[in-house]
Every structure is written in structure tokens, then in C-alpha cells.
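The structure appears right after this line, and notes come after that.
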């Protein structure tokens, strides 16, 4: 039986070189079963390259990798049936209808059913799971951008993967479609027995969807932890602001909840404009990237591995 302690993805010393250019250098990461982990970083940081290596689509230059207990560079079709991939963009013949496309793709997974996993998804169940029931008989070319992205996820899920990779899943979507996609991923993470690794450069997306964030810059992981842990790593203290008898006050503290409680005990309802400002993920991200790009030494990652309970 799979547990939250099971390591799904284990990487040590990953390197990738194109000629004289080193795109990835000494990348180390570990992901446990059931986690939603985000690789966050600027364009060109190596996020997509990392995913392609983990998916077995690109050969690495050096390093040790185990994905679902197997080196993806030497994986067979049975291993590939356990992994789902949603690319940045995906195209197929627009003549396909949503339901028939998923049913067609599902036939390729049927031989890999096991006692543990029944593959593939029933097409109608999968259409419902990604919120496309009303569009099941539409041709792919008739779908909106948000609907098409839901179909992309369905294609990645059709084989009931144990591990799902999402590469820049909301790139090019409008705000409404992006919010709908976030709701879909949160629902999948909560309801399905699937580990999710996604890449993005969208800070809000990373914070909203992830149990844990890894910041990748300059070809290496420069930070690893929850959004809150990363913020504390940089800021350390919260800033409390308030107004009393017309005067503005501010105070830095590592125990903002306790300090606010003491304020109310001392001044009661005479306090106005109370605000507790905690370091945002954006503050943290920009600070860490600046440190990395300036060549400063970084502290060790906040957590190399975590047990997450949903």
C-alpha cells in the first residue's frame, strides 16, 4: 500500500550541458507520494529541461535519478504508463471529439492495468472529472483556451498516472480560465491518488497550488520549502502597524499573533488601522533570485523532504 512516506522522485547531482553551456548543475530534489510540488523560477532557469529529464524525454549529462523507483533514461512502456505529462502546448487533429479522443488514447493503457491500478479511465468519468461533460461531443478545435487546457490535463490523466507532470499549465490563459484551471488541479490533488510536479513562473500559482515550492535559478535549486517557510527564511520577522491616539506605530516581531494580543490587552478598542505585514512569496522569490545572481552563498534548503497530509 502506498504511503505518504514513499519517495516518488529522488534526484542527486543532476547536471545538463549543451556544448559549453551548463543548463543544470548539481540539482538535488526529493518528492514524496501525494505532494504537489512546484518548480518556480524565471524564464531560462531550467524548469522545462528538468521536467523533460524526469519524464525520460531528454538524456542528462550526469547525476542519479529515480522516478517511481526507475531511472527514466532506461524506462520501459510499463513505467511510462504510470506517468502523466501535460506539456506547455499540445496539438492534435481538430477533428477529434473530446470523448472519442480520450477513449482512443485510453486503449493504449489497457494492457498495463494491474491489481493496484485499473487503467485506463473510463472516458465519460474522465470527462466529468475535468469538467468537460457539457463539451464531450465537441470537436477539439471548437474548445476555448480554458476548455482545451482541461482536455490537456485529461490526456495526461487518461492512464491513471501515479505521477503527473504539468509544465507551465496556465501559460496563455486568461484570468478566468486560469482560475478554473487552479480549481481543477486542487480538486485532482484532493480527490485522486496522484503526486503532482508542476513548473511555473507565476508566483500566485505556485503559492496557491503547491504543498512545497522549489526555486530554480541559474541551473540549481536555491530554495526548498513551503511559501511560509521560505518567507521566514528571508524576512524572519513580521511587521505590525497600528494607529493609537492619532499616532502611527510600527513594530517588528517574530511573534506577531502574541504581540497583537498584547496590544489589545493594553489599549483595547483605542487601536485603529491594525495591519500585520508578512513577507510575501514575491518578496522571498525576488530576494533569493537576487542573492543567487549576485553570487552570495545561500543557506541550505529549508526542507529536503517533507511528509504532507492533505
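Descriptive notes on the structure:
- Tilt relative to the chain, helix 256-267 - C-alpha long axis, 0 to 90 degrees, to 10: 40 degrees
- Working from label points 7 Å from Cα in the Cα-to-Cβ sense, the residue 97 to residue 273 distance is 6.3 nm.
- Estimated inter-spin distance, residue 66 and residue 122, nm [label 7 Å along Cα→Cβ]: 3.7 nm
- For the chain, the 222 nm mean residue ellipticity estimated from helices alone, with every DSSP H stretch of n ≥ 4 adding -39500 (n - 2.57) and the total spread over all residues, rounds to -9500 deg cm²/dmol.
- With the simple spin-label model, which puts each label point 7 Å out from Cα in the Cβ direction, the residue 17 to residue 208 separation comes to 4.1 nm.
- For the chain: relative contact order, % (alpha-carbon pairs under 8 angstrom, 6 or more apart): 21 percent
- By average C-beta atoms within 10 angstrom, highest first, the peptides 219-230, 18-29, 243-254: 219-230, 18-29, 243-254
- When the convex hull of its Cα atoms is viewed from all sides, the chain shows a mean projected area of 19.9 nm².
- Helix 175-191 vs. the chain, principal-axis angle (Cα, 0 to 90°, nearest 10): 80 degrees
- Relative contact order, percent, segment 237-277 [alpha-carbon distance under 8 Å, six or more residues apart]: 53 percent
- With Cα atoms, 0 to 90° folded angle of helix 281-294 axis to the chain main axis: 80 degrees
Quick note: the coordinates plus some simple rules give every number you see, no bench work behind them. On a predicted model such as this, the values are computed, not experimentally measured, just so you know. Don't worry about glycine lacking a Cβ; one is built from the backbone with ideal geometry, like all the others, and counts go over all protein chains shown.
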